[in-house]
Every structure is written in C-alpha cells, then in structure tokens.
Amino acid sequence: MAELSRIGVSIDSDLLHRFDSYIAGKGYENRSEAFRDLIRDRLVESAVVAGNVVGTVTLIYDHHTRLLPEKLTDLQHEYHDVVISTLHAHLDHERCLEVVILRGKSKRVQQLADRLISIKGVQHGRLVMSSPEVVSRHTHKHG
Ligand code: NI
C-alpha cells in the first residue's frame with residue numbers, strides 16, 4: 001500500500017461550495033475521495049491519449065439490417081489484435097446488445113470503436129476507455 005500524503009489546497013469559497021454540492025449529489029461522503037477520483041480521472045485521460053488502454057464498446061443494433069451482423073463480425077476479425085472478447089444479448093425480436101472488450105493502443109481502439117458505431121443500423125454506440133496502469137497504482141480507500 002502506498003504512503004498517504006496530506007496536502008493543503010487553497011480554493012475560493014464559492015468554488016468550494018459548488019464542489020461540495022456537486023460531490024454530495026454524486027454520493028461522496030468526504031472531499032478527499034472526490035479529489036482523488038478527479039485526479040485519477042485526469043491521469044487516466046492523459047494516459048489514454050498517450051498509450052495503452054482497455055475499453056468496452058457497447059452497441060445496440062437491429063440485427064435485421066442487411067449485412068449488419070456480418071459487418072460487425074468482419075470488423076472484429078480485422079482488429080483481432082485488440083479485441084479480447086464479445087458479449088451478445090438478444091434484447092427483443094429485433095434488437096441486439098453487444099459489448100466488445102478491447103485492449104491496445106488508444107488510437108487503434110478508438111478507430112475500431114468509431115468504425116463499429118458508424119455502421120448503418122447501429123442505433124446507439126459508445127466507447128469507454130480506461131488505463132489500468134494508472135488506476136491500479138495509488139488506489140486505496142482512506143477517509
Ligand atoms: Ni441478437
């Protein structure tokens with residue numbers, strides 16, 4: 001477990017008041033954890049831009065759209081170097097939910113996600129990326 005450091009932060013009262021309202025709404029019990037999450041979030045963001053990421057692409061689509069399931073599969077084969085796994089659920093008679101788990105260079109992960117999401121017939125799609133390296137270091141819960 002990493003050593004815990006205490007820091008003092010000067011912040012104007014109005015900004016702090018708004019921050020407190022914001023974190024209360026998010027369910028934080030104290031400022032420290034909220035600050036740590038914000039810092040981790042920014043570090044992940046910068047690591048994501050620079051290097052290796054893990055991510056998920058969530059897709060909702062109509063599987064009756066001509067050639068759509070084939071296109072989704074073909075693309076995932078083309079990017080087999082970054083695709084770890086795919087989860088598929090049949091939501092109702094028409095719609096499918098697919099979650100693709102990815103790992104690799106952020107540029108390539110982003111590129112595959114963009115290509116999947118933009119296929120005709122995909123009704124909604126979203127990529128979420130994270131950097132396990134940044135998150136796992138210095139992650140511990142203190143008051
Ligand atoms: Ni399905």
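Only the coordinates and a few stated rules stand behind these numbers; no lab work does. Given the structure is predicted, the values throughout are model-derived calculations rather than measurements. Don't worry about glycine lacking a Cβ; one is built from the backbone with ideal geometry, like all the others, and counts go over all protein chains shown.
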Expressed in angstrom, Rg and Dmax over the Cα atoms of the stretch 82-121 are 11.8, 36
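On a full-extension model of 0.36 nm per residue, what is the gain between residue 86 and residue 41, subtracting their alpha-carbon distance, rounded to one decimal in nm? Provide the component values of the computation, followed by the final result.
Details: separation 45, 0.36 × 45 = 16.20 nm, distance 2.58 nm.
My answer for the length gained is 13.6 nm.
Starting with the highest mean, order 15-21, 122-128, 54-60, 94-100 by the number of other Cβ atoms within 10 Å, averaged over the residues of each peptide.
Values: 15-21: 11.7, 122-128: 14.4, 54-60: 19.7, 94-100: 17.0.
The most tightly packed comes first, giving 54-60, 94-100, 122-128, 15-21.
Tell me the mean residue ellipticity at 222 nm calculated for the chain from its helices only (DSSP H runs of n ≥ 4, each -39500 (n - 2.57), averaged over every residue, nearest 500). Numbers along the way, then the final one.
Details: 5 runs with 62 residues, N = 143.
Theoretical 222 nm ellipticity from helices: -13500 deg cm²/dmol.
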Theoretical gain in end-to-end length, residue 101 to residue 118 [0.36 nm per residue, Cα-Cα removed]
4.4 nm
Using a Cα-Cα cut-off of under 17 Å, which aspartates and glutamates could be cross-linked to residue 105, ignoring same-chain neighbours fewer than 8 residues away?
45, 78, 81, 114, 133
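Taking only the Cα atoms of the chain, how large is their convex hull per residue, in Å³? Walk me through the numbers on the way to the answer.
On the way: hull volume 22.3 nm³, N = 143.
Roughly 156 Å³ of hull volume per residue.
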